[in-house]
Amino acid sequence: MGVSRVFASLGILLLVGCSLAAGGSGRNVWLSDLDISKTQQGWGDPHKNLSVDGNPLKIAGQTFERGLGTHADSLLYVELNGGSSRFHAMVGVDDEAGARGSIEFRVLADGKQVYKSGLIRSDDPAKQVDIDVTGVQVLVLAVDSGDDMNYDHADWADAYFTVTGTAPKTVDAPKEEAVILTPKPSPKPRINGARVFGVRPGSPVLYTIAASGRRPLWFNAENLPAVLKIDRETGRITGKFTKPGEYKITLVATNDLGEAKRELRLVVGDTIALTPPMGWNSWNCWGCAVDEQKIREAAEAMAKSGLINHGWQYINIDDCWMVRRGSDDATVGGPTRDEAGRIRTNKRFPDMKALTDCVHSLGLKIGTYISPGPWTCAGYEGSWQHEQADAQQFAAWGFDYLKYDWCGYGSIVPEPDLKQMQEPYRFMRMCLDRVDRDIVFSLCQYGMGDVWKWGAEVGGNCWRTTGDITDSWGSMSGIGFRQAELAPYASPGHWNDPDMLVVGLVGWGPNLRESRLTPNEQYTHISLWCLLSSPLLIGCDLTRLDEFTTNLLTNDEVLEVNQDPLGEQARCVAKDGPREVWARRMEDGSTAVGLFNRDEVPQTVTAKWSDLPVTGKRRVRDLWRQKDLGTFEGTFGAEIPRHGVVLVRLFPAE
Ligand code: GAL
């Protein structure tokens, strides 16, 4: 071999070696040697030199020694401060995801998109990213999910910066001040909450008039059917119908500043949950560290904080109230059922009836949870082969809501076909139909078999459309903005459920933290869930609500979008990259519109009348600020902060 040939092959070696050691001018710094814990992602934790599941990084059979394993939707901010000249990576879906991953990688340099991979699916070979980042201050590495959010295991393999000056450093996403946009509620009476209420003949009616305004407030209900009575002090309407029918009642709330009146349509028939259920659930907050005391405190806080005056009513116990199979922890272990087969609570719930009575005495309703399988997700007793007994027990205890979570049923049918997926839900529906209590039936099976297409048919009032939410932008936005196709399946009594709210102090127990969503992300979360007609189940500690969170949960004009009797789910009517416009018709002929910005920098988002669709002049009202913005024709646009929203309602202009 001649000398030149030796140098030539050395040159090749050096070039190949670029990705391993020094390249061009400057030194290479591996992304994985930076603090990758700053990665925000939709599921799991980021891993150094390993996939999200902790396996060696592998894309289409090619293994990589170094890199970052994450999960869409993912964001990582890296401060370059002008010190790097190139960014290199090999990107793709990690092989551990099987055949179902689909993702897109993007790189933003000082807010501008400088790289986009296009959709990459499982088994696609790794794509090379090799971009000039000279002079860039902040680089954002983003991964968006593709077809759905499942199995989106994303690898930034062989990722390094060529550094000529200051070393790169990962940083937190920009901090924001928690600005309260909504004016303080008026001391005058205002009636809030559902305008339509469904009850089955033979089931007890429990409707608490939700009204804000300075106390004492006095309540009345004009045209109240004779079988019902109202408590003038608490605004609670109780009684029982024997026959189907429909009634229009005028609710009245009075204090020394005036009087508010509003019509309530009471529908006695087969369908309940005519507006999306609004309440609280213990899971995102306490996880399995839940006990009777925490449930009581949540109920008391819902009443005392005034949430009840804005339509919030369910207090739902999630997993872990039953006996844990095979546990030697005396507080949760022991016999799972009594001699008659009746389900037992664990010692953390010493008296379920007393607990439900306590919650009802506050004018609230109470929910429970179980699995159709032999055990729940957390390994507690399930309803398998005790379904009717359990439904009866739930009714006898006085429950008003049941979340029925697939989980342990996977051990009965590991690879269910559609019929098998539906079976346990149909069966529990039949059991619930035999009890004389209205129990909202919430299907939880993470969207399997496109549950939205048959959830109503098997008797569900709502059905989870996704896996579990967590308090990250990737998770919340990945779930929320993915609900567009599901709009046709929502209607009064039948709701798509993109999972519970992650605002306030959450933590899946026992240790709680502030939601990691930024203030704007939280406005987006609540606005989107309201537009989507989603069940609203608060997942935080109600005994420690801060002012910002309270404001998020008590804006009546925003909640009215969620509780609109028409029950439409918003559709995504326009999408231009990260700019999205979602809209839904309201019963009064107005249109609720969300202008969303999913980008890392502020963007102007514009709603076009032709997309909504509406015509003519419209009065535009900002719902978070509760302020008219003026009369507009043809379009309405606003500058929207990073990950933020402007939620408006368009009324025909006089
Ligand atoms: C999951 C469910 C969660 C929570 C948890 C309890 O399957 O999606 O919302 O209920 O089980 O173990």
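The values are calculated or read from the model by the stated rules, or taken from the named source; none is laboratory data. Computed from a predicted model, the values in this text were never measured in an experiment. As a convention, Cβ positions derive from the backbone with ideal geometry for all residues, glycine included, and neighbour counts pool all protein chains shown.
One line per residue, one yes/no per condition, for (1) among the charged types (D, E, K, R); (2) surrounded by fewer than 23 Cβ atoms within 10 Å (Cβ to Cβ):
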| residue | (1), (2) |
| --- | --- |
| Val136 | no, no |
| Val140 | no, yes |
| Gly146 | no, yes |
| His153 | no, no |
| Phe161 | no, no |
| Thr170 | no, yes |
| Glu177 | yes, yes |
| Thr182 | no, yes |
| Gly198 | no, yes |
### Condition met for Gly408 (closer than 23 Å to Gln569 by Cβ, within 16 Å of the ligand (Cβ to nearest atom) and at pLDDT 95 or above)
no
### Task
Go through the residues of segment 307-315 one by one and say whether even a single one is closer than 20 Å to Cys462 by Cβ, at pLDDT 95 or above, within 16 Å of the ligand (Cβ to nearest atom) and assigned to a strand (DSSP E or B).
yes
### Summary
Checked Lys353, Lys304, Lys347 against criteria (of a type in the set (Lys, Arg), within 28 Å of the chain's Cα centre (by Cα) and modelled with pLDDT of 95 or more); the one match is Lys304
### Query
Got a sec? Which of Lys248, Lys261, Lys294 is within 16 Å of the ligand (Cβ to nearest atom) and either of a type outside the set (Phe, Trp, Tyr) or modelled with pLDDT under 95 (or both)?
Lys294
### Task
For segment 571-583, state whether one or more residues are charged (D, E, K, R), under 25 Å from Asn192 (Cα atoms) and over 20 Å from the mean Cα position of the chain (by Cα).
no
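Give Arg86, Arg106 a once-over and let me know the one that is in contact with a Lys or Arg (Cβ under 8 Å, 6 or more places away or on another chain) and either assigned to a strand (DSSP E or B) or crowded, with 21+ Cβ neighbours inside 10 Å (or both).
On the way: Arg86 fails: in contact with a Lys or Arg (Cβ under 8 Å, 6 or more places away or on another chain).
Only one candidate qualifies: Arg106.
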### Message
If I go through segment 418-443 residue by residue, how many of them are within 16 Å of the ligand (Cβ to nearest atom) and in contact (Cβ under 8 Å) with a residue 60 or more places away in the chain?
### Response
2
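Look through Lys229, Lys184 and report the one residue that is out of contact with any Pro (no Cβ under 9 Å at 6 or more places or on another chain) and farther than 30 Å from Ala396 by Cα. So that I can check it myself, show each step before the final result.
Working: Lys229 fails: farther than 30 Å from Ala396 by Cα.
The unique qualifying residue is Lys184.
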### Task
Would you mind telling me which numbered condition in (1) surrounded by 18 or more Cβ atoms within 10 Å (Cβ to Cβ); (2) over 30 Å from Ser74 (Cα atoms); (3) touching a Ser or Thr at 6+ places or on another chain (Cβ under 7 Å) Arg619 fails?
(1)
### Message
Please determine whether any residue of segment 203-226 is part of a strand (DSSP E or B), over 31 Å from the mean Cα position of the chain (by Cα), at negative phi and among the β-branched types (Val, Ile, Thr).
### Response
no
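Given the criterion on the phi > 0 side of the Ramachandran plot, under 30 Å from the mean Cα position of the chain (by Cα) and touching a residue at least 40 places away in the same chain (Cβ under 8 Å), identify the matching residue among Gly341, Gly363. Even if it seems obvious, please write down each step before you answer.
On the way: Gly341 fails: under 30 Å from the mean Cα position of the chain (by Cα).
From the options Gly341, Gly363, the qualifying one is Gly363.
Matching residues to (1) closer than 15 Å to Tyr160 by Cβ; (2) among the aromatic types (Phe, Trp, Tyr); (3) touching a Cys at 6+ places or on another chain (Cβ under 9 Å); (4) surrounded by fewer than 23 Cβ atoms within 10 Å (Cβ to Cβ):
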site	(1), (2), (3), (4)
Lys48	yes, no, no, yes
Ile59	no, no, no, no
Gln62	no, no, no, yes
Tyr77	no, yes, no, yes
Asp95	no, no, no, yes
Ser102	no, no, no, yes
Ile120	no, no, no, no
Asp124	no, no, no, yes
### Message
Quick check on segment 383-405: of everything there that is more than 16 Å from the ligand (Cβ to nearest atom) and touching a Cys at 6+ places or on another chain (Cβ under 7 Å), which residue is nearest to His360 (Cα to Cα)?
### Response
Ala391
### Task
Scan segment 478-496 and give yes if some residue there is at pLDDT below 95, crowded, with 21+ Cβ neighbours inside 10 Å and either away from the ligand (no atom under 15 Å from the Cβ) or within 21 Å of Glu587 (Cβ to Cβ) (or both), otherwise no.
yes
